[in-house]
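Report on the structure given below.
Every number in this text was worked out from the coordinates using simple rules, so none of it is lab data. As the structure is a computational prediction, the values presented were derived from the model and not from experiment. Cβ coordinates were reconstructed from backbone atoms using ideal geometry, including for glycine residues, and neighbour counts include every protein chain displayed.
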């Protein structure tokens, strides 16, 4: 069985683009959760620093994440991300050491 692949990221939007970026990132949640390799996909806003967004993603494999990132809407967003961000995403790639029992298949959202 392939080990799940996860990441956590932080987005610090330009002050004038906070709401626009929030709505755009929220629009990615449900379609992404429907992708076959997606195990978890969560979007958060920092309680102590509103307007700072964090996301957590877990994928069945690196290949599933790569397929997600290659989708046209994700490519388009990646190319224009700096229109929204003060600084580029801070992304940390993680090896999941404690997967849920059901993390080997879709539907473990």
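Relative to the longest principal axis of the Cα atoms of the chain, the long axis of helix 18-33 makes an angle of roughly 20 degrees.
D by Stokes-Einstein for the chain, Kirkwood Rh over Cα pairs, 4 °C, 1.567 mPa s: 89 µm²/s. For the chain, adding -39500 (n - 2.57) for each run of n ≥ 4 DSSP H residues and dividing by the number of residues yields -9000 deg cm²/dmol at 222 nm. Each label point was placed 7 Å from the Cα along the Cα-to-Cβ direction; for residue 82 and residue 7 their separation is 1.8 nm.
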